[in-house]
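Notes to accompany the following structure.
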Amino acid sequence: MTNLATDPLIDKQMLTEVERILRSQSLHNSETLKRLLKFLGEKSAVGEADQLKEYTIAVDALERPSTYDPRHDSAVRIQISRLRQKLAEYYRTEGKDNPLVIDLPKGHFKLTCGPRAPIIQPAASSAKTNAERTRTLVAAFLLLTLTFAVAWGGYSIIKIRNAEAMSSAIDTRWTPDLEELWRPFLVTNRPMLVAIEDPLFVELQRGSGIYYRDKSFDEWNGALGSPGVRALRKQFKDPNMQPSRYYTSFGEVNAAFLIGRLLGAKESNLSVVKTSQLSWQQLADNNVVFVGVRAFFDGPLRSMPLQPELVSVSKGIQNLKPRPGEPEMFSDRFSTAPTEEGEIYALVTHLPGPVGGSDVESFMSNRAAGYVGAVQCFTDANFAKNLVANLKNAYGRIPRYYQVVLKVQFKDEVPTKTSFVLSRKLG
């Protein structure tokens, strides 16, 4: 057996850096990720990581049974993705001054260890024209930033007031219909998690930081290949970049507030978690309500014990098994300039967790107004009555697992009218 401490061929720098991360606060509460990092670190240090397979990692690192089948269980891919995010988080915080950086390139199980990329400062120029151009660019950028901040502040105040008006109009009485809709989450002793989407931003390390968001990607490798990111890097002389998930939209906050306001008195073990930190194990151990766009649940929903018949796609809701008279696509129609208004579809899906013991419910749409409107419907006594009636008319009772499509009309990202479209019984 190879002695990792004395073998001269071992990458000791990698092992030292891995041990430092294992002792960090970033992994303090995650024994699974610690085991995974230690396993990959040792295999990478001795040059054996290139031969690793999902099955080996599942059994040897994640302590899965020998019957593990990667075709039906995505635990390894999910934990690898979480580890990649945790490494990025560590080097943004505790490890920001570390001279070495451990990375886990997407599509590989082999860790890399190398010196931290230096922050490249723009080259000084003595030419007057270059200096003037730089001052002009900085001044324009500051003016743009200030203008955006003022405009966003005013716009946010309008949105918050509109949202408060909408929220105050919701009938929050606890009724038998609401009891039926939320019973699966209330009759067990499992903790309940409300998962709020924390989308990926690219932080360009220039001054106090420049943050860029492109909805077409939610993985770091996708961000690196984005035309927008390439253009920004060129404009700012190839600055250092890092992933950031510090921000979420007002829609997620509003939806979480509505759920908490309704269930707070009924469910004492209720907490909020960032979607990027939600693990497959948490989905199995907890009841989970997810609010946001489809990025995170694209994979997990398709790996649940029951397969959905309706899926959220970039243009709306796709009907995989249309019944007579039903369309194959419920297409969103809206404008974003000069005003944000139109109609958008929201998909509510209630499924069993990965091993069937927990309940998972997702509220998904391509715009915040869509999933906020859907959450309003599931927390409003009047709409709940209509929703329960539709489900009972179709199936005799509320199905244990189901999907519901809702159409949400909105203006300035605030839902103004929400209507029931159709439902599916699953299982």
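Using the structure shown, decide if Arg64 is modelled with pLDDT of 90 or more and charged (D, E, K, R). Against the criterion (modelled with pLDDT of 90 or more and charged (D, E, K, R)), Arg64 does not qualify. Among residues of segment 22-38 that are in contact (Cβ under 8 Å) with a residue 12 or more places away in the chain, those with a Cβ under 7 angstrom from a residue that is crowded, with 18+ Cβ neighbours inside 10 Å and of a type in the set (S, T, N, Q), sequence gap 6+ or separate chain, pair up as Thr32/Gln79; Leu33/Gln79; Leu36/Gln79.
Assess whether Val289 counts as being hydrophobic (A, V, I, L, M, F, W, C) and either touching a Lys or Arg at 6+ places or on another chain (Cβ under 8 Å) or not in a helix (DSSP H, G or I) (or both). Judged against the criteria, Val289 is a match.
Looking at (1) in a loop (DSSP other than H, G, I, E, B); (2) buried (at least 18 other Cβ atoms within 10 Å of the Cβ), can you tell me which one Ala256 breaks? So the condition that Ala256 fails would be (1). Could you count how many residues in segment 253-269 are in contact with a Leu (Cβ under 9 Å, 6 or more places away or on another chain) and either of a type in the set (Phe, Trp, Tyr) or farther than 26 Å from Arg367 by Cβ (or both)? Qualifying residue count, segment 253-269: 3. When Phe334, Phe363, Phe383 are screened for being in contact (Cβ under 8 Å) with a residue 40 or more places away in the chain, among the aromatic types (Phe, Trp, Tyr) and surrounded by 20 or more Cβ atoms within 10 Å (Cβ to Cβ), only Phe363 passes.
The condition of being within 28 Å of Val273 (Cβ to Cβ) and modelled with pLDDT of 90 or more does not hold for Ile80.
Scanning segment 158-171 turns up no residue that is at pLDDT 75 or above, part of a helix (DSSP H, G or I) and not acidic (Asp, Glu).
Pairs linking a residue in segment 407-427 that is closer than 21 Å to Thr339 by Cβ to a residue that is basic (Lys, Arg), with Cβ atoms under 6 Å and 6 or more positions apart or on different chains, are Gln409/Lys417. With respect to the stated conditions, Leu306 fails to be at pLDDT 80 or above, over 19 Å from the mean Cα position of the chain (by Cα) and not assigned by TED's automatic domain parsing to the domain that holds Arg92. The helices (runs of 4 or more DSSP H) found wholly in segment 22-103 and carrying at least 1 residues that are of a type in the set (D, E, K, R) and within 20 Å of Leu200 (Cβ to Cβ) occupy 75-92. Within segment 267-286, restricting attention to residues that are of a type in the set (Ser, Thr, Tyr) and outside any helix (DSSP H, G or I), the residue that is nearest to Thr248 (Cα to Cα) is Ser271. Given Leu200, Leu204, Leu193, which one is touching a helix residue (DSSP H, G or I) at 6+ places or on another chain (Cβ under 7 Å), at pLDDT 85 or above and surrounded by 17 or more Cβ atoms within 10 Å (Cβ to Cβ)? After applying the criteria, what remains is Leu193. How many residues are in contact with a Gly (Cβ under 7 Å, 6 or more places away or on another chain) and either over 22 Å from Lys86 (Cβ atoms) or part of a strand (DSSP E or B) (or both) if we restrict to segment 197-253? Count: 3.
Listed here are the strands (runs of 3 or more DSSP E) enclosed by segment 346-427 that have at least 3 residues being in contact with a Ser or Thr (Cβ under 9 Å, 6 or more places away or on another chain) and assigned by TED's automatic domain parsing to the domain that holds Thr275: 359-365, 402-411.
The values are calculated or read from the model by the stated rules, or taken from the named source; none is laboratory data. None of these values were measured; they are calculated from a predicted model. Neighbour counts are summed over all protein chains in view; Cβ atoms, including those assigned to glycine, are modelled from backbone coordinates with ideal geometry.
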